[in-house]
Each structure stands twice: as C-alpha cells, then as structure tokens.
Amino acid sequence: ATMPPLLAAIATAGRHGVLVKSAVVMERLGTVTQVAFDKTGTLTEGRPHLAEIHLLPGAADLTEERLLALAAAAEQPSEHPLGRAVVQAARTAGLAIAPVDEFGSEPGRGVRARVDGLLVEVAGPAHLLHPDRDRTAHEVVAGLQSGGYTAVVVRIGGTPAGVLALADRIRPGAADTVDRLTTLTGAAPVLLTGDNAPAAARLAHRARIDDVRAELLPEDKVSAVTDLQRRGARVALVGDGVNDAPALATAHVGIAMGRAGSDLALDTADAVITRDELGTVPAVLALARRARRLVI
Ligand code: ADP
Ligand code: MG
C-alpha cells in the first residue's frame, strides 16, 4: 500500500530535520497563515556572551570580579541562556562560584538567591530599577540597549550594584527565512520577545521583520498570539520554550527549536526542529501545504 499523504509528509519532514508529532499537526501546518518568532535561542543562536560589566554608584567597594562572581552564583541553577552566559563568563575569568540558598526564578524576569548571606538578584532593568530613582543605572542601561545589547541588572541587598551587557548572534539565514515565509503565507512574520525594545528592533531590522513586540512576559506572549489569531491569522509560533512554552501551547501550531529547547518545550510543542536551522520552517510549511492538497 502507498502511504497516506500526511504520513508520507511526516516521514519527509523528519528527513529534513523537523519532527511533526502527528498527522493532525501536519494537516494544521498546511493551514498556517502567519509565523511568529521568539527571539533569544530562536532567531538568535541562543548562546549569548558577556560583553561588558558596569559597576554602579551603589556598588560601594565591590569590584567587577566580585560582582560577576555573585551574579554567577545566583545564576548557577538557571537554565536561561543569559544565566548560562553569566556563569560561563565567571568560569572563564577563573572566579570561584559560591553555593546558593533560597534560589528562585521568575520566567521572563530573572533570578534571585542568597549568596554568602547576601540577597543577589539578576533580572531585566524593568524589574530591578525604580522608575524614578536609579538615574545612573537607567543611563547605563539605555546606552547599552541602544548599542543592541541585552542589559541585565544585578542588585545586591536590594541596591542596584551593576549592569551586565550580553550579546547574542543572529542565526545565519534568518532574513532569507523571513522572506520565504512572507511569500509562502502572504503575511509578514512577527517577532515576540521579552528583551528590550531597542535591541529587539535592531535584530528585527537585520531579520527583515517589521512587526516587533518587545518587553513581553511569558503571559504577554500568549496574548500576542491570541491577538493575531483574533484577527483571523492561524499562527505558527517558533520558540525555544525557555519563556514561551505557554505561547507555544496557545498557537495553532507550536514549533520548538530542538537543540536549544527545554524538555518542557519539546513536550508541549506540536513539532520540533531537530536540525538546528531556521530554513526548515518554510520547508516544512511548503511540504504541509502540498500534502494537504493531496488529501482534500
Ligand atoms: P526572549 O523573549 O528574547 O527569548 P526571555 O523572555 O527569555 O527573552 O527573557 C526576557 C528578559 O528577561 C531578558 O532579556 C532578561 O532581561 C530577563 N531575564 C530572563 N531570565 C533571566 C535570567 N536568568 N537572568 C537575567 N535576566 C533574565
Ligand atoms: Mg526565549
């Protein structure tokens, strides 16, 4: 017997590096009208590196090394790419990373822990800086963000002590993938990110994406997907699952980046990109469209 078209398409997709979990998902992929991308780990490689350390006036007698060591200790249990980058930088600098107590993480925000008796918090500026006070910190953050960096604040004992600048690389072929998806679906892809607006805009420009929604918490990513769907789009969301697992579950089709993806994402997603390449997204959408035409 010949294989039914949807199953044959699943086999082909598998060979091209996309695991489509069922015939129903393959069928749905064929009806997608718009694609949304997460940023970190999806449009970017998800391996940020620490580029700069800035001490703030509130840091008192801290050194850059001590600040980095404390931040790395607080980030040690974190699975977030930014957390891993901070830990990696401390290791490369040969710093001792102390054990922590009372570790807590808030998805899309950051981490906190007790290190050497001190409360150390590492998170986005919106969560750790006071909107009116912390003038110097806001200026440092704005300068770094306009340079395209992801700026993360380190607060020690409740006082902003430093700012870390992290940079990630755009994935090769991102702009080409975006162009192909626009042609295929007739709608331009959208970027959803928890990162700051200037850095997001800069990356979006390089990926040729016009519609950018930045500073989104995991629940805001869900609303962004719902919003597109209310306007009639059938949305495929491509994400790494780090802070977008709920949004992956909400989308018409949730597609997880396999290598960067968390276990939760691989379970939640309808499809998994097993070959770490963005170009597999338009390829599998085109395949699903052809398979669907054979079925109906
Ligand atoms: P994206 O949407 O680009 O994938 P996330 O939603 O994962 O980004 O994170 C959004 C923001 O939350 C980051 O830019 C950072 O400010 C903050 N953040 C999240 N996790 C951490 C962490 N472990 N350490 C420091 N900052 C974090
Ligand atoms: Mg992410």
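Values quoted throughout were computed directly from the atomic coordinates according to the rules given, and no laboratory measurement underlies them. In this text the structure is predicted, and so the values were computed from the model without any measurement. So basically every Cβ, Gly included, is an ideal-geometry build from the backbone, and we count neighbours across all protein chains shown.
Could you run the Karplus curve 6.51 cos²θ - 1.76 cosθ + 1.60 with θ = phi - 60° over segment 51-61 and give me ³J(HN,Hα) per residue in whole Hz, x for Gly and Pro?
Values, residue by residue: 9, 8, 10, 10, 7, 9, x, x, 6, 6, 9 Hz.
Which FRET efficiency value, to the nearest 0.05, is calculated for A249 and H49 with the Förster distance at 30 angstrom and r the Cβ-Cβ distance? Before the final figure, lay out the partial values.
On the way: r = 31 Å, r/R0 = 1.03.
The pair A249/H49 has a calculated efficiency of 0.45.
Karplus couplings for segment 234-242 from phi (6.51 cos²θ - 1.76 cosθ + 1.60, θ = phi - 60°), rounded to Hz, Gly and Pro as x?
Computed from phi, the couplings for segment 234-242 are 9, 9, 9, 9, 9, x, 9, x, 5 Hz.
Using 7 Å Cα-to-Cβ label points, what is the E139/M3 separation (nm, one decimal)?
6.3
Which semi-axis lengths, in whole Å and largest first, follow from the square roots of five times the eigenvalues of the Cα gyration tensor of the chain?
39, 19, 15
Helix 218-230 versus the longest principal axis of the chain: what is the Cα-based angle in degrees, 0 to 90, to the nearest 10?
Rounded to the nearest ten degrees, it is 30.
Given a 10 angstrom Cα cut-off, can you work out which residue in T250, T92, T42 is the most mobile in a GNM of the chain?
Ranking T250, T92, T42 by mean-square fluctuation puts T92 first.
Determine ³J(HN,Hα), in whole Hz, for all residues of segment 85-94 in sequence, where each value follows from phi through the Karplus function 6.51 cos²θ - 1.76 cosθ + 1.60 and θ = phi - 60°; x replaces Gly and Pro.
5, 5, 4, 4, 5, 5, 5, 4, 7, x
Starting from 0.36 nm per residue, how many nanometres of slack lie between R206 and T33 once their C-alpha separation is accounted for? Present the calculation step by step, with values, prior to reporting the outcome.
Working: separation 173, 0.36 × 173 = 62.28 nm, distance 2.27 nm.
Here the answer is 60.0 nm.
Sum -39500 (n - 2.57) across every DSSP H segment of at least 4 residues in the chain, then divide by the residue count to get the 222 nm mean residue ellipticity, nearest 500.
Helix-only estimate at 222 nm: -12000 deg cm²/dmol.
What angle do you read, to the nearest 10 degrees and between 0 and 90, between the alpha-carbon axis of helix 135-146 and the longest principal axis of the chain?
It works out to around 30 degrees.
Taking the Cα-to-Cβ direction at D227 and at A93 and moving 7 Å from each Cα, how far apart do the two end points lie in nm?
3.8
7 Å from Cα along Cα→Cβ at both R66 and R84: what's the point-to-point distance in nm?
Using points 7 Å along Cα→Cβ, the separation is 3.1 nm.
Expressed as an acute angle from 0 to 90° and rounded to the nearest 10, what is the orientation of the C-alpha long axis of helix 280-295 relative to the principal long axis of the chain?
That works out to roughly 30 degrees.
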